[in-house]
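A quick write-up on the structure given underneath.
The values are calculated or read from the model by the stated rules, or taken from the named source; none is laboratory data. Values in this document were obtained by computation on a predicted structure and should not be read as measured data. No Cβ is skipped: glycine too gets one built from the backbone with ideal geometry, and neighbour counts run over all protein chains shown.
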């Protein structure tokens, strides 16, 4: 297991590379406590370890890919398992998350505070229910249409 502390566009990320499956070029990666299974493109089936390359200074912190690699899905683009997905209305940075998984929310309750165009925007619940999933974390960069939270 390797631990890395990365600072990308002023945001800190703690990255752990836990396990690399040498037979399929898959790696288990944990970014700020959220696990991901990552396919190492261009790798042969016998991979000893993933290569870490510095990101260009102009890189978007939510989507960093080595040059020449096809873009991979962004973190916040995860699909909800079931229920109603609250989507991001505009690109920005998550300032705070006002709910936790299991919280009961009412219509109009603020779920996430998003900074966009130097303004704070409240993302409110469109319906009442229980928070089942949260796809973002404080400091994450999100794009319009990204899933933020699932309410059932």
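Here residue 36 qualifies as within 16 Å of residue 134 (Cα to Cα), part of a strand (DSSP E or B), at pLDDT 70 or above and outside the structural domain of residue 121 (by TED's automatic domain parsing).
Beta carbons closer than 7 Å, at least 6 apart along the sequence or on distinct chains, pair a first residue in the range 26-49 that is surrounded by fewer than 15 Cβ atoms within 10 Å (Cβ to Cβ) with a second that is assigned to a loop (DSSP other than H, G, I, E, B) and at pLDDT below 75 for 39/25; 41/69; 41/70; 45/23; 45/24; 45/25; 46/22. When residues of the range 80-94 are filtered for being modelled with pLDDT of 90 or more, part of a loop (DSSP other than H, G, I, E, B) and under 15 Å from the mean Cα position of the chain (by Cα), how many remain? Residues in the range 80-94 being modelled with pLDDT of 90 or more, part of a loop (DSSP other than H, G, I, E, B) and under 15 Å from the mean Cα position of the chain (by Cα): 2 in total. Only one of the listed residues (125, 55, 62, 77) is in contact with a helix residue (DSSP H, G or I) (Cβ under 8 Å, 6 or more places away or on another chain) and either modelled with pLDDT of 95 or more or surrounded by 13 or more Cβ atoms within 10 Å (Cβ to Cβ) (or both). That residue is 62. In the range 100-116 there is no residue matching the filter, namely being within 24 Å of residue 9 (Cβ to Cβ), part of a loop (DSSP other than H, G, I, E, B) and out of contact with any helix residue (DSSP H, G or I) (no Cβ under 6 Å at 6 or more places or on another chain).
Taken together, 119, 143 contain a single residue that is touching a helix residue (DSSP H, G or I) at 6+ places or on another chain (Cβ under 8 Å) and surrounded by fewer than 19 Cβ atoms within 10 Å (Cβ to Cβ), which is 143.
Comparison of 8, 30, 97, 17 shows that the only residue that is under 23 Å from residue 145 (Cα atoms), modelled with pLDDT of 75 or more and not assigned by TED's automatic domain parsing to the domain that holds residue 137 is 8. If you go through the range 118-148 and keep only what is assigned to a loop (DSSP other than H, G, I, E, B) and touching a residue at least 60 places away in the same chain (Cβ under 8 Å), you end up with 135, 136, 137, 139, 140, 143, 146.
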